[in-house]
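Asker: Following this message is one structure expressed as structure tokens.
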Amino acid sequence: MRPGAFSIGAPISMTTKSLHLRIGIAAILGAAFLAAVAIPNYVSSPSNVGNIILSPVFWPYVLAGLTGIVGFGLVLTAVFSDLTVFDPRDEIAIPVGHAPWLRLAALAVIMGLVMVGLPRLGMVWTCMLAFVACAFLFRTRHPIAALVCAVVVPLLLYAFFAHVAGVAIPQGNFVRLP
Amino acid sequence: MSLMDSLAAGFALVGNVEAFFMLFCGLVIGVIGGAIPGLSATMAVALTLPFTFSMAPINGILLLLGVYKGGIFGGSIPAILIKTPGTPASSATILDGYPMAERGEAGRALGMALYASCTADAVSNLALILFAGWLASFALNFGPPEFFALILFSLTIIAGVSGESLLRGALSALAGLLLATIGLDLVYGTNRFTFGDPNMMGGLNFIAVLIGLFAIPEIIAMAWNPVAHLGKTRALGKSKVTLADYIGSFKSILRGSMIGVFLGSIPGIGAAPSAFLSYSEARRTSKNKDNFGKGEIEGVAASEAGNNGVAGATLIPLLALGVPGDVITAIIIGAFMVHGLQPGPMMFILNVDIIYGLFIGLIVSSVFLLIVGSVAIRGFRFVADVPKRLLMPAVLVLCIYGVFAVNNNIFDVGVMFAMGWVGYLMMRHRIPAAPFLIAFILGPLLEDNFRQSMLMSGSDPSILMRGPITWFFWTLTFITVFAITRSTLRKRVPLS
């Protein structure tokens, strides 16, 4: 099977049981992290708060506790169930090969570059480049139309937001638009 | 203010070409957005939201309501023509709509979908006008304990019915509540999870979170599988819906509208369950029940009436209580907030002109939907031909501009991207995003009402059950948890 092809019916999907197990463990770990690390270190509470219920840390602790309980519930449903039902949606969604993972990584890089480019190149130019990169990442069958849209769409949006809505669109350090 | 005064104030606000033009534009955008598989009504409303910032509040909200209503109907077009629901609410329409299209009766099915949608929309709007004011005047008696119990009930039902599993829904809601704690503490003003960054002190921007959750995951999904959207469009065929078809299905349309109104007015249930319930009731009572699933026009009418009956009714809890009924109204609440309006019982006193202006606009929207829908049915081929691999990059660019425009802050764009990946992970793990977003919106309100209650009572928790209203909501909450848990245990397969 070629890389990136999609396998239907291959035994590579998650069962609902393993899905619950994964989510449940993640929730328990998340709750433990919140209770042990995040809340004590990143939630400030004035020292003169006499009543714990009114303290700024009370609500996050309650939520962390409930998250742990729900995670525990998910693990319990996974452990005490003998069901290993494969969900057909997973079988369709999980591909064979590396290409989809590489495209996901490339999209993450594009998003990172957008964040870097916005204050330096300006929003219009960054968006033009992001448009082209995404269109080719998605394997467009209309490359010329993609290039035209990559120029026109950011310019039209700039015209609306900068001149109609009065938003100060970042212009960047190189080419400035009217 | 008397009813006539309120109506006059509403007319004064919307009695201009601009307001109706915005409503019309909204319907056009909504129908197109709903008709493009993968775009959905929710994404269409989310992407339109940034364009409303510079508008007068009533025009912006009418634009969004138009997108909402148009999107719900628009979803039925690809459901019938390419067997792919444009919105989840149109899933039931496939059952009989697509078999009709296969028989060459797509035009007839779409015509019936349009008439059923418009009828249900009108019934739903009427229910909104009749009940919202009454509920708002009742809600004026609510204090912090009552609001706490109400919000808790809403979150419970949203978590329970949004996805396939109560536990996954609850986890999603808890994550939303946790995210809402970021920022300065409501009472003491101390930092919570801000990590010393001034951008985090006001909390995460609501619009960045919602666009991140509902638009960016679709773009990421496109990177995962760029060819998932390809499908074959059926022709409209020559047969058209007749008056006899409409009259024959009228009972199912009316029943579906009522089901939509009832389920829509309960926060969290939304249009898809309403469409399926309406469909199954129509099948149960119809004399053509054997034809259901094989291309029965009454089935199309029932499911479309069910999902459009929700559209006006979801605004009842939004306007009267300030609690969004579904994800789309959660986005619309953002438009209210951006314009400095707080939906809820006080809005019926302080901004009665906007309330009645919306009512008038909504009544007109049913007529506009008929016009826009008739054109859209014929023009669907052009919409279906929009290359999705060009559309998604355009959506990305639109998201970047729209989110930046809220606060002129690049940090918000980063929040949107981060939430996009969170939303994608949730999608992959079948954790519903709706409870997350609604909990994120209602989180500060829930905590605020809890702490106010504790301040009122000197930290005595019994205040949370202080009277019949709180008893009522607590009972509903327990019934909801019990009913969902019981139905989960009974199903057994798939697991919860």
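Taken together, the values in this text are just the output of simple stated rules run on the coordinates, not laboratory data. Given the structure is predicted, the values throughout are model-derived calculations rather than measurements. A quick note on method: Cβ atoms are made from the backbone with ideal geometry, for glycine too, and the neighbour counts reach across all protein chains shown.
Asker: Rounded to the nearest 500, what is the 222 nm mean residue ellipticity of chain B from helices alone, with -39500 (n - 2.57) per DSSP H run of 4+ residues and division by all residues?
Answerer: -24000 deg cm²/dmol
Asker: Further question on the same structure: Can you tell which of B:Ala79, B:Gly15, A:Ala159 lies farthest toward the positive end of the dipole of the protein assembly as shown, using +1 and -1 charges on the Cβ of basic and acidic side chains (Lys, Arg; Asp, Glu)?
Answerer: Result: B:Ala79, furthest along the dipole toward the positive end.
Asker: What ranking do B:70-76, B:389-395, A:45-51, B:165-171 get when scored by the average of other Cβ atoms within 10 Å per residue, highest first?
Answerer: B:70-76, B:165-171, B:389-395, A:45-51
Asker: Rounded to whole Å and sorted largest first, list the principal axis extents of the Cα atoms in the range B:54-180.
Answerer: 57, 37, 31
Asker: Quick one: what are the phi-derived ³J(HN,Hα) couplings along the range B:64-69, Karplus 6.51/-1.76/1.60 with θ = phi - 60°, whole Hz, x for glycine and proline?
Answerer: My calculation for the range B:64-69 gives 5, 5, x, 4, 4, 5 Hz in order.
Asker: Shielding by partners for B:188-196, please: the mean number of other protein chain Cβ atoms within 10 Å of each residue's Cβ. The partial results should precede the final answer.
Answerer: Details: counts 8, 3, 8, 5, 10, 7, 3, 2, 1.
Per-residue shielding by partner chains comes out at 5.
Asker: For B:Lys289, list the aspartates and glutamates whose Cα falls under 18 Å from its own Cα; do not include residues on the same chain fewer than 8 positions away.
Answerer: Output for B:Lys289: B:Asp96, B:Asp245, B:Glu281, B:Glu298, B:Glu304.
Asker: Which peptide among B:465-471, B:318-324 comes first, and what is the full order, when sorted by highest mean count of other Cβ atoms within 10 Å?
Answerer: Sorting B:465-471, B:318-324 by mean packing, highest first, produces B:318-324, B:465-471.
Asker: Take the Cα atoms of the protein assembly as shown, find their three principal axes, and give me the spread along each one in whole Å, biggest first.
Answerer: 77, 62, 60
Asker: So what is the relative contact order for the range A:16-91, in percent, with contacts set as C-alpha pairs under 8 Å and at least six apart?
Answerer: Relative contact order for the range A:16-91 comes out at 55 percent.
Asker: Right, another one. Charges at C-beta only: +1 for Lys and Arg, -1 for Asp and Glu. How large is the resulting dipole of the range B:301-452 about its Cα centre, in Debye rounded to 20?
Answerer: So the dipole magnitude of the range B:301-452 works out to roughly 540 debye.
Asker: Across the residues of A:54-61, average count of Cβ atoms on other protein chains within 10 Å?
Answerer: 6
Asker: Can you list which of the trypsin sites (Lys or Arg not before Pro) found in the range B:263-309 are DSSP loop residues with at most 12 other C-beta atoms within 10 Å?
Answerer: Of the trypsin sites (Lys or Arg not before Pro), the ones in loops of the range B:263-309 whose Cβ has at most 12 other Cβ atoms within 10 Å are B:Lys287.
Asker: Sticking with this structure for a sec: Name the residue farthest towards the positive end of the dipole of the range B:3-491 from the options B:Ser366, B:Leu128, B:Ser487, assuming +1 on Cβ of Lys and Arg, -1 on Cβ of Asp and Glu, about the Cα centre.
Answerer: Selected residue: B:Ser487.
Asker: Let me ask something else about it. Which FRET efficiency value, to the nearest 0.05, do you get for A:Leu54 and A:Leu29 by plugging their Cβ-Cβ distance into 1/(1 + (r/R0)^6) with R0 = 30 Å?
Answerer: Calculated transfer efficiency: 0.55.
Asker: On average over all directions, what projected area in square nanometres does the range B:3-491 have, based on the convex hull of its Cα atoms?
Answerer: Values: hull surface 91.3 nm².
Result: 22.8 nm².
Asker: Give the average, rounded to an integer, of partner chain Cβ atoms located within 10 angstrom of each Cβ in A:126-139.
Answerer: Details: counts 2, 7, 1, 0, 4, 6, 1, 2, 11, 8, 2, 6, 13, 3.
Shielding by partners across A:126-139 averages 5.
Asker: Of the trypsin sites (Lys or Arg not before Pro) in the range B:1-105, which ones lie in a loop per DSSP and count no more than 10 other C-beta atoms within 10 Å?
Answerer: Numbers: sites: B:Lys69, B:Lys83, B:Arg103; in loops: B:Lys83, B:Arg103.
Here no trypsin sites (Lys or Arg not before Pro) fit, given the DSSP loop and packing criteria.
Asker: Okay, next question. So, with +1 on the Cβ of K and R and -1 on the Cβ of D and E, and no other charges, what is the size of the charge dipole of chain B about its Cα centre, to the nearest 20 debye?
Answerer: So the dipole magnitude of chain B works out to roughly 1720 debye.
Asker: Quick one: angle between helix B:271-285 and the longest Cα principal axis of chain B, in degrees between 0 and 90, rounded to 10, please.
Answerer: With rounding to tens, the tilt is 50 degrees.
Asker: Can I ask one more? Once you sort the root eigenvalues of the Cα gyration tensor of the range B:418-482 as a ≥ b ≥ c, which label holds: rounded (a/c under 1.5), prolate (a/b larger than b/c) or oblate (the other case)?
Answerer: oblate
Asker: Hey, which of these cross-link pairs are over 32 Å Cα-Cα: B:Lys69/B:Lys251; B:Lys251/B:Lys294; B:Lys287/B:Lys388; A:Lys17/B:Lys294? Each step should come with its number before you reach the end.
Answerer: Details: B:Lys69/B:Lys251 22 Å; B:Lys251/B:Lys294 20 Å; B:Lys287/B:Lys388 42 Å; A:Lys17/B:Lys294 35 Å.
As for pairs spanning more than 32 Å Cα to Cα, those are B:Lys287/B:Lys388; A:Lys17/B:Lys294.
Asker: Take peptides B:49-61, B:450-462 and line them up by average Cβ neighbours within 10 Å, highest first, as a rough protection proxy.
Answerer: Descending packing order for the listed peptides: B:49-61, B:450-462.
Asker: Could you tell me what a quarter of the Cα convex hull surface of the range B:362-478 works out to, in nm² with one decimal place? Walk me through the numbers on the way to the answer.
Answerer: Details: hull surface 54.6 nm².
Quarter of the Cα hull surface area: 13.7 nm².
Asker: Please report the projected area of the range A:99-164's Cα convex hull averaged over all directions, in nm².
Answerer: On the way: hull surface 18.7 nm².
Result: a mean projected hull area of 4.7 nm².
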